[in-house]
Ligand SMILES: Nc1ncnc2c1ncn2[C@@H]1O[C@H](COP(=O)(O)OP(=O)(O)OP(=O)(O)O)[C@@H](O)[C@H]1O
Ligand SMILES: [Mg+2]
């Protein structure tokens, strides 16, 4: 599903180059549930953004479902990303002036390959899947933080991606809500979706079936078994 070879990324911070990834080799098979762990600043988010086709400015090779993507620019990546990848953020990134239903429908509306009503129907279906069927008209500010993250997951699923990426999805949540969100991710994995989760929390990482450690922009155990 995912094959990274010698992926390196350097940010330019003013005149100072900052090496974020330093030759990452990583393999993830279809249907795996993988946690990426590592200290702050080790390159986890940078890596997840590349996996999610949100960043094309790096060196090395990235094959997603057998297709070479490292030679494509962001414009060419956008339709692939829309179809194949769902992204869940720590801070949800829900738009405050839209209802939960509208928020969840957005990636489907952006994809422009379905009628508007079909996009909203898909969003309703995904919101029901995360237990928010009674909150469709609510604004994000009217939801609990756990419900906001459920809505974030519904939005990530609306285009039925095969790959779900989550950057510290439980970082802002209390321990009871953490378990609820992990339960949802676990369910998605059991239904056959590939789930990749970044976390600081060893307890959270335990819900994954494999843990990949990133340190100083390098990956110690990126080969799949
Ligand atoms: N936009 C940027 N410009 C310059 N440097 C950056 C930028 N984004 C990240 N970096 C640097 O790249 C390195 C890796 O950052 P990254 O955000 O990937 O780490 P992380 O493992 O996700 O950290 P955290 O656990 O704190 O979220 C860090 O040294 C960081 O300072
Ligand atoms: Mg990060």
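The values are calculated or read from the model by the stated rules, or taken from the named source; none is laboratory data. Quantities reported herein were computed from a predicted structural model and do not represent experimental measurements. For neighbour counting, all protein chains shown are included, and Cβ atoms are generated from backbone atoms with ideal geometry for every residue, glycine included.
Across region 25-44, what is the total count of residues that are surrounded by fewer than 16 Cβ atoms within 10 Å (Cβ to Cβ) and within 16 Å of ligand 1 (Cβ to nearest atom)? Qualifying residue count, region 25-44: 3. Only a single item in (1) within 17 Å of residue 197 (Cβ to Cβ); (2) within 19 Å of the chain's Cα centre (by Cα) is not met by residue 126, and it is number (1). Could you tell me whether region 2-24 includes any residue that is within 16 Å of ligand 2 (Cβ to nearest atom), surrounded by fewer than 20 Cβ atoms within 10 Å (Cβ to Cβ) and in a loop (DSSP other than H, G, I, E, B)? For region 2-24, residues within 16 Å of ligand 2 (Cβ to nearest atom), surrounded by fewer than 20 Cβ atoms within 10 Å (Cβ to Cβ) and in a loop (DSSP other than H, G, I, E, B): absent. Inside region 98-117, residues that are under 18 Å from the mean Cα position of the chain (by Cα) and surrounded by 15 or more Cβ atoms within 10 Å (Cβ to Cβ) make up a count of 7.
None of 195, 178 is in a strand (DSSP E or B), buried (at least 19 other Cβ atoms within 10 Å of the Cβ) and either at negative phi or modelled with pLDDT of 95 or more (or both) except 195.
Would you mind stating whether residue 6 is touching a strand residue (DSSP E or B) at 6+ places or on another chain (Cβ under 7 Å), modelled with pLDDT of 95 or more and more than 16 Å from ligand 1 (Cβ to nearest atom)? In short, yes. Scan region 198-225 for residues that are part of a strand (DSSP E or B) and within 13 Å of ligand 1 (Cβ to nearest atom) and the total you get is 7. In this structure, is residue 127 without any contact (Cβ under 8 Å) to a residue 60 or more places away in the chain, away from ligand 2 (no atom under 16 Å from the Cβ), out of contact with any helix residue (DSSP H, G or I) (no Cβ under 8 Å at 6 or more places or on another chain) and assigned to a helix (DSSP H, G or I)? No, not satisfied. Scanning region 62-97 for residues that are at positive phi and surrounded by fewer than 13 Cβ atoms within 10 Å (Cβ to Cβ) turns up just one, 66. Selection of region 47-57 for residues being surrounded by fewer than 20 Cβ atoms within 10 Å (Cβ to Cβ) and either within 16 Å of ligand 2 (Cβ to nearest atom) or under 19 Å from residue 3 (Cβ atoms) (or both) yields 49, 54, 55, 56.
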